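The values are calculated or read from the model by the stated rules, or taken from the named source; none is laboratory data. Keep in mind the model is a prediction, meaning the values are calculated, not measured. A quick note on method: Cβ atoms are made from the backbone with ideal geometry, for glycine too, and the neighbour counts reach across all protein chains shown.
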Amino acid sequence: MVEGAEPCPFCRGTNLSCRPEDIDGWAAQVACHSCDAVGPLSEFKYDDQQEATEDAVRMWNRRQ
């Protein structure tokens with residue numbers, strides 16, 4: 001489970017991970033390993049991997 005992330009909106013699974021990537025700055029997204037759902041990328045590219053992860057969790061939890 002990713003700290004602070006709500007269960008998957010599709011399967012209610014909690015087998016989640018956060019995938020950070022360094023692409024001229026850090027971006028991240030939350031993924032569910034139960035149903036293969038993937039959340040949106042963090043809104044910005046960050047200098048810090050942790051900030052990107054926190055933003056990805058906020059986006060995952062937004063449920064729009």
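Overview of values
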read-out	value
All positions within the range 45-60 that are aromatic (Phe, Trp, Tyr) and not in a helix (DSSP H, G or I)	Tyr46
Complete set of residues in the range 45-64 that are aromatic (Phe, Trp, Tyr) and under 12 Å from Gln29 (Cα atoms)	Trp60
Test for Asp22: is it out of contact with any strand residue (DSSP E or B) (no Cβ under 7 Å at 6 or more places or on another chain) and free of Cβ contacts under 8 Å to residues at least 12 places away in the same chain	no
All positions within the range 1-31 that are of a type in the set (A, V, I, L, M) and exposed (fewer than 13 other Cβ atoms within 10 Å of the Cβ)	Met1, Ile23
Residue that is part of a loop (DSSP other than H, G, I, E, B), surrounded by 14 or more Cβ atoms within 10 Å (Cβ to Cβ) and modelled with pLDDT under 95, where the choices are Ser34, Ser42	Ser42
Of all residues making up the range 11-24, the number that are at pLDDT 95 or above and in a loop (DSSP other than H, G, I, E, B)	5
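Every residue, every condition in (1) at negative phi; (2) within 9 Å of the chain's Cα centre (by Cα), yes or no:
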| position | (1), (2) |
| --- | --- |
| Gly4 | no, no |
| Arg19 | yes, yes |
| Trp26 | yes, no |
| Ala31 | yes, yes |
| Ala37 | yes, no |
| Asp48 | yes, no |
| Glu51 | yes, no |
| Glu54 | yes, yes |
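To keep it simple, each residue is scored yes or no on (1) within 21 Å of Arg63 (Cα to Cα); (2) touching a Pro at 6+ places or on another chain (Cβ under 7 Å).
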{"position": "Thr14", "(1), (2)": "yes, yes"}
{"position": "Ser17", "(1), (2)": "yes, no"}
{"position": "Asp22", "(1), (2)": "no, no"}
{"position": "Gln29", "(1), (2)": "yes, yes"}
{"position": "Cys32", "(1), (2)": "yes, no"}
{"position": "Gly39", "(1), (2)": "yes, no"}
